[in-house]
Every structure is written in structure tokens, then in C-alpha cells.
Amino acid sequence: MAQQDLRVVVLGAGMAGILAGIKLLERGYRDITLYEKADRVGGTWRENTYPGLTCDVPSHHYTYSFERNPDWTRHLPPGAEIQSYFERTTEKYGLYDVIRFNEEATSARFENGRWHLGLRSGRQDVADVLIAATGVLHKPRFPDIKGADTFTGHLFHSARWDHSVDLDGKRIGVIGNGSTGVQIISALAGRAAKIEHYQRTAQWIMPVENGYFSDEERAAFRDPAVLEQAMQTETYMAGVERYTEAVTDMESEGAREMAAICLANLENNVQDPALREKLRPDHAPLCKRLIFSPDYYQAIQHPNAALVTEGIECIEPSGIRTRDGELHELDIIVFATGFHPDCFMRPMTITGRNGADLEDLWHEKPLAYLAISMPDFPNLFMLNGPSGPVGNFSLIDIAENQWGYIEQLMDRIRSGECQEIAPTRDALAAYEASRVEAAKQTVWFRGGCNSWYLDKQGVPASWPWNYSRFVDMMTTPDWRAFGLATPFAPKEGAAVAN
Ligand code: NAP
């Protein structure tokens, strides 16, 4: 079997697309293109620029494993530093040569064994393998609040921050208290004349340190051995495992421990008993994505800050009217109201083998075998696709594991051993059935809350098992799921190049 020179197209140049590009070049793929709809790399870190933007994964664990960054200034990485890390990495690995910016793929059709792409510019392209690295949370969710269009101040979504608006000394209302809303309040409490946080459901807050690395520490991190030691990878990965176990087993020791820490954080750090009760969640910790914050409780107790738990009746020209009839006059309203979590490649039109329409497969909810591939859509592989792991850990690590799996699928095509790789319908059905069964045991389902983790039927849409199971599943594909009985055994002289 001869090794084939495959043409590979990657959709998106965010964290996952950059990873795919680097890995493809590293493995000797030369005919590759990344299409990016915007004019810069970075994905979510390009789009989110709100004040206080921080990733809650420890800085040194929020990098590619092959490109550590000694220069992080803080224990938790600020959004702007993450964005420049991705830009630097893109440059360093020579990816700018293969990225086409301001090119959005609008359609992909599998015909005669290849993917035929339509681009918004009117151009077309063809690929043997298509990698969808389009991200998860990229379509802002605007709340359906009456009168929003009548507001005469500034109103914008957290992911579309309007930096032309001066914030100092202003009256600001922030709707939503997910990770985003909490970070915005912490950043602005000292700057605004008045800041009101509109909370519909109280959240559990996990305390976390976010100190600065000293110049000496950062200099020392240039030595990979010192950095590796400082990262305490084993301890961190044990924490990830414990976290995923706490999600999958509400009665686990880890779940009880995390609950106790969050509860103590609330009890010990909110002085006013009335405010404390308003901030006390009515669901199990981890049911919603846990919020890590070093300073939210402090911020919400700032003299200029107020927590508003009265429901929102409507928005009026001068502010927000709550259901008790009070008008809260504001200069700026921020919708920190999250994202539509079921978009992935949407709004692309994707047509697979024999005219299969992705929208038919995804009619009820996005589906993918092991979050990576779909029957009837051969040679199309997703990074951070539907039902992949999400939580308070690094999605970079998740994407790297998924890439290891995808590489093995691509090797079989590249070797010429098979032309098309897609899981069977039975494999997807069996995976999804066991996934849903397990998902119904998780705290996301049983913990008594609503969240973006749930699909339209109220079932968690994510990976419902622990982290090590994910790593195991990514290590070696079960080839029977792809209708390939035997493990891959390249003949001598036809081995895949590295
Ligand atoms: P989110 O977690 O989905 O939170 C949306 C918030 O908006 C919730 O508090 C929700 O209230 C509220 N909301 C929605 N519609 C509303 C309405 N009509 N009226 C009042 N309140 C309304 O969104 P997010 O905070 O942007 O975070 C999304 C995800 O992005 C996170 O879970 C995380 O995965 C990622 N993220 C990560 C970090 C990080 O540090 N790594 C930072 C930011 C974001 P209910 O709870 O009542 O529904």
C-alpha cells in the first residue's frame, strides 16, 4: 500500500485548529490549509476580551504539552496573555503560511471520496480529510428580555465587549453569574460608580489563589526541568481525575470535599447574613460548571456593588425594571448570559455520503462517536466535538488526546489501506446509549440545576465518565467501530512517515 499525499483542511484557527496545524506539519503533511473566519487566530480568546477575563486552569497547565510558556505572569492565565501565547505559537511553528484568514467555510459536501468546500468569499476547495476545530461556545446567547432594544445606554454581550465605552464612574448592570459574569464583577467593582449583578440562580464559588510569579520564578521557568517540577503535573492530573469522579459520583469523597470547601468559602467570606442567603445555591456543587474565583465575594460586598435577585421584568430606555416595580437606572448593561452550546460547525451545511445531511443526524442533538466522528461523514474528524469532556480542566489537553486518536485514523487513510473512515451507525448508537445512561448518573443531571451542559431533553451532553476513561479510549481506536476488523499493520516500506 503506497503512502498517499493527503490534502487536509482544518476549519478554525483557535486553540484546536492551531494544534491540528502544528501536528499535521510535524507529521509531514504538506498540503494543508486552515480556514479562519476572522482576521486573527485565537478563537474564544480572540472573541472574549471582557475585563477580568481569566482562564481558571493553572497557567502552566493551560498550554500545549510541547510548547510550555515560562512567561505567564500569574497563577491563572489572563485572557490577553493566552491570546498572545497562541499568536506566538502560530508564528513559531510556521502556521501563518497555511492559514487563510477572513475565509469562512459555509458548506462541505462529500463527493467521489473527497470533501468539496464552499467558502463565504465564493471560492471553493477540495480536501481528502476535513478537521473541524470550530469550537464549542462561539455563538452568544442573548436573553429574551422585553425592551432590550429600547435601552438608550450601551448594551452588549460579554463576548462582544465594546471597548469604546468608558467604564470608569459608570452605572453598570451585569446579567448572568456564570464564570464570565463573576469575573466581570470582580474586575469592575472598584471602577464603576455602581455595579449591579443580576443573579437568577446562585452559584457555588470555589476559592482559588491567583498570585503573580516573581521575575526570579519566571527566569527560572526557562529551564524546562524547573518548570516541570513547579507544574506538579502528577498532583494536577490527580486533581482532574478527582474532579471528574466527583462529577460522575455525587457521593464520592471528592464531591463531598469540594462541597465543603465551597460552603466554607460562603460562610466565612460573606458577612451580611441576608446577602449570604441570597448567595447560597439551592443545588449540589458541580451541578453547574464550578466557578473558581479568588475575589468574587469580596467584590460583591464592595460599597458600590449590589446583588439583585429580584427577577427582571423588562429593560427600559434608562435601565432595568425588576419584578418588584423598581427601576434600576444604568449607563451600561452587559449580557453575561452565555452561549448556544450546540453549534460546533453550525451554521455550515454539511452533506455526507449519499447526500446524508448533518442536520438530519443532529436534528435532536449533536451526536458523534467518541466526540470525534460520525457515520456517513467519512474522513471528517472533530476536535472538542459533541459529547467530549468539558469541565474545570484544560481543553487543550483534551484536544491533544483527541488528536492522538485522529492521527491513528488518518494513518490508515494515508497508508492507502482504506479510502474512507467513519464509524458505523451501530457504533454511534451503542456509544450514545451508554453515554446517556452514564450521563443520567452525573451531578449535572442529578444535582438539581439547569445549565448549558444539558441538551434540549435535559440530558447532559458531555463526556459522563472520568478522565482516565477518556484517555484510555483515546489511546487506541476500537477498529471494529469503524468496520475495520484488524488493527493497523503497515507493510514494510509503506510505513507512515513521522
Ligand atoms: P453561563 O455559564 O452559561 O452562564 C450564563 C448566565 O446567564 C447564568 O448565570 C444564567 O442564569 C444567566 N442567564 C441566562 N439567561 C438569563 C436571563 N434571561 N435572565 C437572567 N439571567 C440569565 O455563561 P458564561 O458565564 O459565559 O460561561 C460559559 C462557559 O464559558 C463556562 O461554563 C466555561 O465553560 C466558559 N468560561 C470559562 C472561563 C474560565 O475561567 N475558564 C471563564 C468564562 C467562561 P441561570 O444560571 O439561572 O441559567
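The values are calculated or read from the model by the stated rules, or taken from the named source; none is laboratory data. Note that the structure is predicted; figures quoted are calculated from it, not measured. In this analysis, Cβ positions are derived from the backbone assuming ideal geometry, glycine residues included, and neighbour counts consider all displayed protein chains.
Kindly evaluate residue 255 against the criterion of being touching a Gly at 6+ places or on another chain (Cβ under 7 Å), at pLDDT below 95 and not in a loop (DSSP other than H, G, I, E, B).
Working: touching a Gly at 6+ places or on another chain (Cβ under 7 Å): no; at pLDDT below 95: yes; not in a loop (DSSP other than H, G, I, E, B): yes.
Here the answer is no, as residue 255 does not meet what is asked.
Listed by first and then second residue, the pairs with beta-carbon distance under 6 Å, at least 6 apart or on different chains, first residue in region 155-176 and farther than 17 Å from residue 196 by Cβ, second near the ligand (Cβ under 10 Å from one of its atoms) and assigned to a loop (DSSP other than H, G, I, E, B), are 159/48; 161/50.
Condition check: crowded, with 17+ Cβ neighbours inside 10 Å and either outside any helix (DSSP H, G or I) or without any contact (Cβ under 8 Å) to a residue 40 or more places away in the chain (or both). Does residue 42 satisfy that?
Values: crowded, with 17+ Cβ neighbours inside 10 Å: yes; either outside any helix (DSSP H, G or I) or without any contact (Cβ under 8 Å) to a residue 40 or more places away in the chain (or both): yes.
Yes; evaluated as a whole, the condition is true for this residue.
For the structure I just gave you, tell me whether residue 430 is at negative phi, within 16 Å of the ligand (Cβ to nearest atom), modelled with pLDDT of 95 or more and not aromatic (Phe, Trp, Tyr). Write out each step before concluding.
Working: at negative phi: yes; within 16 Å of the ligand (Cβ to nearest atom): no; modelled with pLDDT of 95 or more: yes; not aromatic (Phe, Trp, Tyr): yes.
No.
Screening residue 305 against (1) touching a Phe, Trp or Tyr at 6+ places or on another chain (Cβ under 8 Å); (2) more than 16 Å from the ligand (Cβ to nearest atom) leaves a single unmet condition, (1). Taking residues in region 344-356 that are in a helix (DSSP H, G or I), and partners anywhere that are at pLDDT 95 or above, the pairs with Cβ atoms closer than 8 Å and at least 6 places apart or on different chains are 353/110; 353/376; 353/377; 353/378; 353/420; 353/422; 354/376.
For the criterion of being within 12 Å of the ligand (Cβ to nearest atom), in the same structural domain as residue 299 (by TED's automatic domain parsing) and not hydrophobic (A, V, I, L, M, F, W, C), residue 173 passes. The single residue among 167, 130, 155 that is modelled with pLDDT of 95 or more and within 16 Å of the ligand (Cβ to nearest atom) turns out to be 155. Tell me, which residue of region 176-218 that is more than 7 Å from the ligand (Cβ to nearest atom) and of a type in the set (Phe, Trp, Tyr) is farthest from residue 293 (Cα to Cα)? The qualifying residue farthest from residue 293 (Cα to Cα) is 213.
Beta carbons closer than 6 Å, at least 6 apart along the sequence or on distinct chains, pair a first residue in region 179-198 that is touching a residue at least 60 places away in the same chain (Cβ under 8 Å) and under 21 Å from residue 78 (Cα atoms) with a second that is in a helix (DSSP H, G or I) and near the ligand (Cβ under 10 Å from one of its atoms) for 180/158. Within region 221-234, being without any contact (Cβ under 8 Å) to a residue 40 or more places away in the chain and surrounded by 14 or more Cβ atoms within 10 Å (Cβ to Cβ) holds for 226, 232.
Quick check, is residue 102 part of a loop (DSSP other than H, G, I, E, B), buried (at least 19 other Cβ atoms within 10 Å of the Cβ) and at pLDDT 95 or above? Step through it out loud before you land on a result.
On the way: part of a loop (DSSP other than H, G, I, E, B): yes; buried (at least 19 other Cβ atoms within 10 Å of the Cβ): no; at pLDDT 95 or above: yes.
Here the answer is no, as residue 102 does not meet what is asked.
Residue 187 falls short of the stated requirement of being exposed (fewer than 12 other Cβ atoms within 10 Å of the Cβ) and either among the aliphatic types (A, V, I, L, M) or on the phi > 0 side of the Ramachandran plot (or both).
Screening residue 146 on (1) within 11 Å of the ligand (Cβ to nearest atom); (2) under 26 Å from the mean Cα position of the chain (by Cα) shows it passes everything except condition (2).
Name the single residue that is farthest from residue 181 (Cα to Cα) among those in region 49-68 being of a type outside the set (D, E, K, R), out of contact with any Leu (no Cβ under 9 Å at 6 or more places or on another chain) and surrounded by fewer than 20 Cβ atoms within 10 Å (Cβ to Cβ).
Filtering region 49-68 for residues that are of a type outside the set (D, E, K, R), out of contact with any Leu (no Cβ under 9 Å at 6 or more places or on another chain) and surrounded by fewer than 20 Cβ atoms within 10 Å (Cβ to Cβ), the one farthest from residue 181 (Cα to Cα) comes out as 66.
Please verify whether region 13-25 includes one or more residues that are outside any loop (DSSP other than H, G, I, E, B), surrounded by fewer than 23 Cβ atoms within 10 Å (Cβ to Cβ) and either among the acidic types (Asp, Glu) or not assigned by TED's automatic domain parsing to the domain that holds residue 412 (or both).
First pass over region 13-25, keeping only residues outside any loop (DSSP other than H, G, I, E, B): 15-25.
With surrounded by fewer than 23 Cβ atoms within 10 Å (Cβ to Cβ) added as a condition, the list becomes 22-23, 25.
In the following step, the residues that additionally are either among the acidic types (Asp, Glu) or not assigned by TED's automatic domain parsing to the domain that holds residue 412 (or both) were identified as none.
Looking for residues that are outside any loop (DSSP other than H, G, I, E, B), surrounded by fewer than 23 Cβ atoms within 10 Å (Cβ to Cβ) and either among the acidic types (Asp, Glu) or not assigned by TED's automatic domain parsing to the domain that holds residue 412 (or both), one finds none in region 13-25, hence no.
Going through (1) over 19 Å from the mean Cα position of the chain (by Cα); (2) at negative phi one by one, residue 455 falls short only on (1).
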